[in-house]
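Below you'll find the structure, written out as structure tokens, and then a few comments.
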Amino acid sequence: MELILRDTLNHGQKYVHAAGEYTYEANGTNRTIIPYSPDWKRIMLQTSGGLDSSLLLYLTARTFKELGLKTEIVPFSVEVPNKVKNLESARAVIETVREAVGYDFISKGVEVIMPESEMMPPKKNQFFNSTVMQFIENEGIDFEFNGNTKNPPLSARSHFPHDYSRELTRDHRTTIYNATISACPHAMNDKSGIVFLYKKFGLIESLAPLTLSCDINLDKMKRKGWGFPCGNCWWCHERAWGFASNNIDDPSLREN
Ligand SMILES: [Zn+2]
């Protein structure tokens with residue numbers, strides 16, 4: 001079955017290899033849309049250990065379970081040598097989601113360590129994209145999900161550091177689909193809506209504390225004498241705004 005997607009740019013139609021969509025309404029116009037198909041045997045879901053992809057894993061497993069599907073979800077994680085190690089977070093997230101949802105078809109997942117020779121742009125993106133493409137082709141993957149969200153509104157992010165170098169394509173999107181077999185289900189949901197859904201599904205105390213959002217470079221962190229999370233990068237500001245706009249304290253920043 002294929003879902004017909006109207007392309008608002010050229011008024012044509014594109015075909016997405018999905019049978020339907022399940023929508024999770026958040027605050028305001030924010031929403032997460034999970035595509036599904038009984039024909040999918042395996043999907044890969046980019047699982048970084050961050051707030052967004054962890055919620056995406058939860059909502060995807062929940063949707064598939066509710067629909068009685070048996071689609072295998074393969075979490076796919078990449079560790080970048082000049083960033084704080086995220087694989088441990090990703091593993092804890094996978095385990096927690098598996099238990100919380102009780103969906104039997106989340107596999108152990110795949111971990112890729114990026115070689116140091118590839119970690120600087122533009123090689124970094126090339127390595128990442130080609131690794132994902134190879135995995136889709138070689139491992140019989142029917143569809144790919146990643147956790148990219150919408151950027152916060154300008155009024156919220158105007159004081160974020162280096163906001164000019166944010167991912168501009170995330171400012172406003174009209175579709176969650178990137179290609180016939182690829183989607184960003186959170187493309188029309190920003191961090192405020194993400195935290196809203198954490199609260200709605202009772203995940204603030206269980207899942208949120210396991211996640212990391214800080215994307216600071218390790219050398220810069222050392223040079224500036226910052227701790228982790230740094231509290232200073234664009235991603236730390238975005239996370240803080242997501243929690244503050246829901247009047248919730250970020251449980252990962254709590255002193256124990
Ligand atoms: Zn940070």
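The values are calculated or read from the model by the stated rules, or taken from the named source; none is laboratory data. On a predicted model such as this, the values are computed, not experimentally measured, just so you know. Backbone-built Cβ (ideal geometry, glycine too); neighbour counts: all protein chains shown.
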Practice task
Taking Arg6 as the residue in question, decide whether it is modelled with pLDDT of 95 or more, under 14 Å from Thr175 (Cα atoms) and among the charged types (D, E, K, R).
Solution key: no
Exercise for the section: Quick one: Asn189 ticks every box in (1) surrounded by fewer than 20 Cβ atoms within 10 Å (Cβ to Cβ); (2) away from the ligand (no atom under 16 Å from the Cβ); (3) within 20 Å of the chain's Cα centre (by Cα) except a single one, so which number is it? Expected result: (1)
Completion exercise
Those residues of the range 211-242 which are among the acidic types (Asp, Glu), near the ligand (Cβ under 10 Å from one of its atoms) and either in a helix (DSSP H, G or I) or in contact with a Lys or Arg (Cβ under 6 Å, 6 or more places away or on another chain) (or both) amount to Glu238
Fill in the blank from the handout: Within the range 219-256, of all residues that are more than 18 Å from the chain's Cα centre (by Cα) and aromatic (Phe, Trp, Tyr), the one nearest to Asn27 (Cα to Cα) is Phe228
Fill in the blank from the handout: Reported set for the range 243-256 where residues are part of a loop (DSSP other than H, G, I, E, B), within 16 Å of the ligand (Cβ to nearest atom) and hydroxyl-bearing (Ser, Thr, Tyr) is none
Problem - the range 230-256 residues that are without any contact (Cβ under 8 Å) to a residue 24 or more places away in the chain, paired with ones that are aliphatic (A, V, I, L, M) (beta carbon under 7 Å, 6 or more apart) - result: Cys230/Ile216; Cys230/Met221
Problem - Qualifying positions in the range 166-176 - touching a residue at least 24 places away in the same chain (Cβ under 8 Å) and under 14 Å from the mean Cα position of the chain (by Cα) - result: Ile176
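Within the range 58-81, which residues are in contact with a Lys or Arg (Cβ under 9 Å, 6 or more places away or on another chain) and not in a helix (DSSP H, G or I)?
First pass over the range 58-81, keeping only residues in contact with a Lys or Arg (Cβ under 9 Å, 6 or more places away or on another chain): 61, 64, 70-75, 77, 79-80.
Selection gives Lys70, Thr71, Glu72, Ile73, Val74, Pro75, Ser77, Glu79, Val80.
Return a yes/no flag: does the range 193-200 have any residue that is under 14 Å from the mean Cα position of the chain (by Cα) and not in a helix (DSSP H, G or I). Lay out the reasoning, then the answer.
Going through the range 193-200, the residues under 14 Å from the mean Cα position of the chain (by Cα) turn out to be 193-195, 197-198.
Now narrow it down to the ones that are not in a helix (DSSP H, G or I): none.
No, the conditions are met nowhere in the range 193-200.
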Exercise for the section: Please indicate, with yes or no, whether at least one residue in the range 154-165 is under 19 Å from the mean Cα position of the chain (by Cα) and either assigned to a loop (DSSP other than H, G, I, E, B) or not polar (S, T, N, Q) (or both). Expected result: no
Exercise for the section: Return a yes/no flag: does the range 170-181 have any residue that is assigned to a helix (DSSP H, G or I) and either touching a Pro at 6+ places or on another chain (Cβ under 9 Å) or at pLDDT 90 or above (or both). Expected result: yes
